[in-house]
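The values are calculated or read from the model by the stated rules, or taken from the named source; none is laboratory data. This structure is a prediction, so every number in the text was calculated from the model and none was measured. We place every Cβ from the backbone using ideal geometry, glycine too, and count neighbours over all the protein chains shown.
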Amino acid sequence: MFKKLKTFFENFRSDYYEHKKQYTIIISITVALFLAFVITLGVQIYRCGSAAYRINHTQTQLTDVKAKLAADPVIVGDEFAVDALQRIFGSDQLALHTDKCWDYKIQINGKEVTDDTVKVSKNETVTVTLKEIYTESKFPDDVEMFGRVTGNDTRTDVSNYISVSHGANIIPVKLQKDNVYTLTYSVKGLKSGDEVVVKMKPMLTQQMDLPDDVAMYGKITIKVS
Amino acid sequence: MKNIGESEYNTRDILFFIRTRKLFISVCAVLVGLTVAVAIIFNVVYGNLMEDYKSVYAEYSEKSDILHKQNLKHLSGILNGEFTKDQLTNISKGFCKYSLSVNNQPVSKLDFFYSADSTVTVTVNHTIDSKLAYYLPDDVVKLALTDDVSKYFKFVTVNDSKPTISTSATADGYRTDIVFKELKVGESITILANHEIATKLNMNQGTLEIVYNKEAK
């Protein structure tokens, strides 16, 4: 066997040196045919692969659409409406259309604010109340949030837009009841000449019905006499 | 016949050489056979895959349309619940595209137009932005498209003749044709567009003078 192989290669070698140019042609043709085979195989694998990918991708989309058709049409419709309304109006316009869903009211000792300065007597407890009143609309919840002071940021609430201080900032008591979210700031033991300062950010004052001075500067000073 | 191995060759020499080397022939035949087999087999596989793709895509298309109609109906409920008809018309009009032509020739940016015909047809095409059309319910789109656009124009003619106005649906929207008939040579029509529509129509000054001139081309 080994001897036969050895003879074959020896013959081949002598034949190769004898017909070098012919062998170059033969090898070129073989390589060309091999390349043609490899390219054909590659192209066909790519075509079939991409067709399989398209089927898979469309199948995934179909499963998604079927799931949506089987789900609650209001939830699915709301998802679509959020996207559509943002495209139709843009975020700023949407905020203007939905700010009617959110009403903000501030009271000091249960009374509406009519001036940027409020006078109280000593030993009286000062209570500043800020109410965020939600009114339901036909807009999806996510769209209604555009009109809220906090926008779509669920990590913050309206307390980030108001501060009540008497030396240091007062921590409010927060209460959510039905559609009303209330922040109550209480300051006790006030002496004559003390001041409690309420500051509100423009985002909040813009959505409130306030006297001009308060709306412009966002500041209410409570003076103890 | 020349022997193989000599310095000059011809085709017959090479063919003779190939015939005498069976291994080479076999390798070439196998390669050709494999190439053809691969091409045929994969073509069959590809054909089957495309059939599958077409059927999956057809089903996806059908279900998507149903879902989209359902979503648009829901959106229509929201819009109609939150906005008045006038507000919706204005919203929808914001996405309308208008184009102006006289006797089927575009005339935006023109101040004068010479008509060779005694009948002058002023056409306003109104279509909705195709990207937004997908997100607007049909009833809302229709509010803008069927809006009477002739009210945004004033037409001044020498003999105060009244045009015939008609609105009809086109493939991608609506068109309003304002037709003036039997003009006399030299007679003119002045179109005055209001600012809003003039801007959308790209009109220079919001005016266009149409003159009937037999020799106009």
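Out of the range A:76-102, which residues are touching a residue at least 60 places away in the same chain (Cβ under 8 Å) and closer than 30 Å to residue A:128 by Cα? Across the range A:76-102, the qualifying residues are A:99, A:102.
Looking at B:108, B:92, B:118, B:101, just one residue is closer than 25 Å to residue A:96 by Cα, hydroxyl-bearing (Ser, Thr, Tyr) and surrounded by 13 or more Cβ atoms within 10 Å (Cβ to Cβ), and that residue is B:92. Restricted to helices (runs of 4 or more DSSP H) entirely inside the range B:56-171, those with at least 1 residues that are acidic (Asp, Glu) are B:85-93, B:138-145.
Return the residues of the range A:101-116 that are among the acidic types (Asp, Glu) and in a strand (DSSP E or B); say none if nothing qualifies. The answer is A:103, A:112. Checking the stated criteria, residue B:125 turns out not to satisfy the condition of being surrounded by 15 or more Cβ atoms within 10 Å (Cβ to Cβ), in the same structural domain as residue B:163 (by TED's automatic domain parsing) and free of Cβ contacts under 8 Å to residues at least 24 places away in the same chain. Which residue, of B:85, B:22, is more than 7 Å from every other protein chain (Cβ to nearest Cβ), over 30 Å from residue A:17 (Cα atoms) and exposed (fewer than 12 other Cβ atoms within 10 Å of the Cβ)? Step by step, each of B:85, B:22 is checked, and only B:85 is more than 7 Å from every other protein chain (Cβ to nearest Cβ), over 30 Å from residue A:17 (Cα atoms) and exposed (fewer than 12 other Cβ atoms within 10 Å of the Cβ). The residues listed here are B:32, B:38; of these, the one that is crowded, with 16+ Cβ neighbours inside 10 Å and either aliphatic (A, V, I, L, M) or more than 7 Å from chain A (Cβ to nearest Cβ) (or both) is B:38. Go through A:58, A:40, A:7 for me and flag whichever is without any contact (Cβ under 8 Å) to a residue 12 or more places away in the chain, assigned to a helix (DSSP H, G or I) and under 47 Å from the mean Cα position of the chain (by Cα). The unique qualifying residue is A:58.
State yes or no: is residue B:118 in contact with a helix residue (DSSP H, G or I) (Cβ under 9 Å, 6 or more places away or on another chain) and over 19 Å from residue B:193 (Cβ atoms)? Criteria not met by residue B:118. Restricted to the range B:44-67, and to residues there that are aliphatic (A, V, I, L, M) and at the interface with chain A (Cβ under 7 Å from one of its Cβ atoms), the residue that is surrounded by the fewest Cβ atoms within 10 Å (Cβ to Cβ) is B:66. The residue of the range B:123-158 that is nearest to residue B:93 (Cα to Cα), among those that are among the polar types (S, T, N, Q) and modelled with pLDDT under 85, is B:146. Within the range B:180-195, the presence of a residue that is more than 14 Å from residue B:115 (Cα to Cα), out of contact with any Gly (no Cβ under 6 Å at 6 or more places or on another chain) and among the hydroxyl-bearing types (Ser, Thr, Tyr) is excluded.
Hey, among the residues in the range A:98-114 that are within 12 Å of chain B (Cβ to nearest Cβ) and surrounded by 20 or more Cβ atoms within 10 Å (Cβ to Cβ), which one's farthest from residue A:196 (Cα to Cα)? Out of the qualifying residues, it is A:98. Number of residues in the range A:11-40 that are of a type in the set (A, V, I, L, M, F, W, C) and modelled with pLDDT under 80: the value is 1.
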